[in-house]
1. Which one, PHE18, VAL69, ILE31, projects farthest toward the positive side of the charge dipole computed for segment 5-122 from Cβ point charges (K/R +1, D/E -1)?
2. Figure the gain on full extension for ASP253 and LEU206 (residue separation times 0.36 nm, minus the Cα-Cα span) and round it to one decimal in nm.
3. Among VAL214, SER224, SER338, flag the residue with its Cα farthest along the positive direction of the charge dipole of the chain, charges on Cβ as +1 for Lys/Arg and -1 for Asp/Glu.
4. Alpha carbon centre of segment 281-332 versus segment 1-52: separation in Å?
5. Any idea what Rg and Dmax come out to for segment 5-122 if you just take the C-alpha atoms, in Å?
6. Taking neighbour counts of Cβ atoms within 10 Å as a proxy for exposure, in what order, fewest first, do THR62, THR184 appear?
7. Project the alpha carbons of the chain onto their principal axes and report the range along each, largest first, in whole Å.
8. Please express the shape of segment 108-165 as an equivalent ellipsoid: the semi-axes are the square roots of 5 times the eigenvalues of the C-alpha gyration tensor, given largest first in whole angstrom.
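Throughout, read-outs are computed from the coordinates displayed, never taken from laboratory work. These figures come from a predicted structure and were not determined experimentally. Using ideal geometry, Cβ is built from the backbone for each residue, glycine included, and neighbour counts are taken over all protein chains shown.
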Amino acid sequence: MGNPRIAIIGGGIRGRIFAETTHHHPAADLIAICEPDPGRAQQLAGELGVPAHDSIEALLATGAQIDAVVVATPDFAHEKPAIAALEAGLDLLVEKPLATTSAEAERIMAAAERGGGRIVVGFENRWNPLFAAVRRQLRADGHALVSQRALLQDTVFVPTRMLGWAALSSPAWFLMPHSLDMATWLSRAEPVEVYARGVKRVLPSLGVDTWDRVSASFAMSDGSILDLDSGWVQPLGKPSVFEFRFEVETEADAFVLDIDDTGVRRATAERTLGVGPLPHDHRGRPQGVAADMMRDFLDAVGGADLDLPGAEHGLLITRAIEAVHRSLETGAVQQITS
């Protein structure tokens, strides 16, 4: 069998990471970029020496041999390209969340059943060695969990400048799946009910009609509690575009993780800025958890037996974040079906 042949759907920030990682992988071949924006498509495809198409349907119509695709489109736009790929029998890596409604997630899974392809959901923090170390210690100690807490927030740069589609999403859809997946991965428990509160003030005043901040309290299947806080309105003067703090308490001890994207800080006359970590290594290859996740997906498509987050878990996370939004709208506790 030759190298698996990979197409990337979406040419934005994440699509670029996945495309460059595939381009540099010794046992996979990048064959195409699918991106509706002609300028963005041609720039990325030109840099990597592959053809560009405006959709996966256009790529499939060429009859090109493809083994897998990566869907790196906005949160709300996963269903159509995912189903097209899966019905063609291709393996799929799809950015978190799997979908932004459980009905869409279920349709994606049904397409996989019809076509026979594998679904991997991109919960990239599983590739962070800090979280992996805590998970190993929790397994070794065997103490029951009491609570988990996570604060994951972005500066206002993300919804106002980085994302052109923030009004069609929320900090709960964009950020909270990371925290919720990690909580389930560390605890081996599932969310069973949730109560959420939110604020809509800053972003609507800036023309982005979505939540500024969402806090959600979950009851977990092991009897522990989980509190998640995600926001999109931190000031631009923060040293990093995001802040991620995760705490775990057991019956015997506690863990505190501070995750920061700044490996270097630069002080100017006005403020301190994050400068790193560098997105590429000394040979120009992407580095970081997203690139590591992509490399494992490529290895799995090539035949490696790896434990990767799949569709059933992706559906659970989608149902839970759906319940968060129902609670925001109704002001009531919401049950989460598994």
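1. Of the listed residues, the answer is PHE18.
2. Net length gain for the segment: 12.6 nm.
3. Going by the Cα projections, it comes out as VAL214.
4. 19 Å
5. 13.0, 38
6. With the sparsest Cβ surroundings first, the list reads THR62, THR184.
7. 54, 53, 41
8. Its equivalent ellipsoid spans semi-axes of 29, 26, 11 Å.
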